[in-house]
Structures are given as structure tokens and as C-alpha cells.
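Reviewing the structure listed below.
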Amino acid sequence: MDKEFTRRFTKCPCCGSEDRFCEQLGNELKERGLAREEWNFRLDVKEGVVVDKAKADAIPIGSEVPSYGIMTDVCMDCGCMYAIDLTRMDVKKPPPPPSVLLPNRAERRRMDRGDSPQPSDFGRN
Ligand SMILES: [Zn+2]
């Protein structure tokens, strides 16, 4: 696949309609000046990297892995859910976050006091 691969689909692959449910809902906000002109509302926007978790540690830091961006919407005429935009990108594997290597001073203090927040503390009041 071309590393710059990107493709937009402007028509429903089933019926050819260009009316998309989420896009038109978003347009209502634009008409009222409550959303930017370049902004588009979609059913779903997914982004991620393509990594085999069993091999992830073997990928050298700084090397590139393919990543994807996928946007979908729903045809208002036939109900078909389809991709509006497919984009392939490359993402460099980042170095591990500093706290994994060495806790910073504030974290060490918190750990020494043993008062780091526990999941069960959330939502209690
Ligand atoms: Zn359709």
C-alpha cells in the first residue's frame, strides 16, 4: 500500500446517495453558527496503530508502524453504514513515558506516604 494512501468516499456504495445522517445533523449546528465550517460530524472516527501485541516489545523505539484513520457515516436513503474517509499514516514508536523509567519526586513522595489514589476512591463523596 502507498504510504500516503488516503481515500474519500462521497457517495453511498449501495445506492449512490450523498445524504449522510450524521453529517446533516452536524450541518444544523453550522447553520446556527455553533460549529466551525471545516468541522464535520461523523458516526465514528477511529484512529490507531497496527501492532501485534505479542511482538510489540520487539519493535525498536523510533521505528515506524502503520496507523489508520477511519471515518464512517450512515446513508439517509438506504441505511448503509460506510467509510467516508480512509487514511494511512506512519507513527514512530515513542520512548516509554518517564514515570515508567523512574518515578519523579512528587510521585516518590506520594508512594512514600502510601496515599496514591485508588480506583475505589473515585466517585465517593
Ligand atoms: Zn445508500
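FYI, it's all coordinate maths here, none of it is from the lab. Remember, it's a predicted structure, so these values are computed and weren't measured experimentally. Note that each Cβ is placed from the backbone with ideal geometry, even for glycine, and that neighbours are counted across all protein chains shown.
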### Task
May I ask you to derive the relative contact order of the chain, considering only C-alpha pairs under 8 Å and at least 6 residues apart, and to give it as an integer percent?
28 percent
### Message
Under the rule a/c < 1.5 gives rounded, and otherwise a/b versus b/c splits prolate from oblate, where does the chain land using the Cα gyration tensor?
### Response
oblate
### Query
In terms of modelled amide H atoms, which long-range or inter-chain residues lie less than 5 Å from the amide H of Cys15?
none
### Helix 21-31 vs. the chain, principal-axis angle (Cα, 0 to 90°, nearest 10)
90 degrees
### Estimated dipole of the chain in Debye, rounded to 20 [Cβ of Lys and Arg +1, of Asp and Glu -1, Cα centre]
700 debye
#### Entry: Charge dipole (segment 6-114, unit charges on Cβ, about Cα centre) - positive-most of Ala56, Cys14, Met71
Ala56
## Note on the structure
Long-range amide H partners of Asp73, meaning residues 5 or more apart or on another chain whose placed amide H is closer than 5 Å, are Leu43, Tyr82, Ile84
### Task
Any chance you could run the full-extension gain for Val91 through Glu64? It's 0.36 nm times the residue separation minus the Cα-Cα distance, nm to one decimal.
9.2 nm
### Query
Any idea how many Lys pairs in the chain come in under 24 angstrom at the alpha carbon, given 8 or more places apart or on separate chains?
15
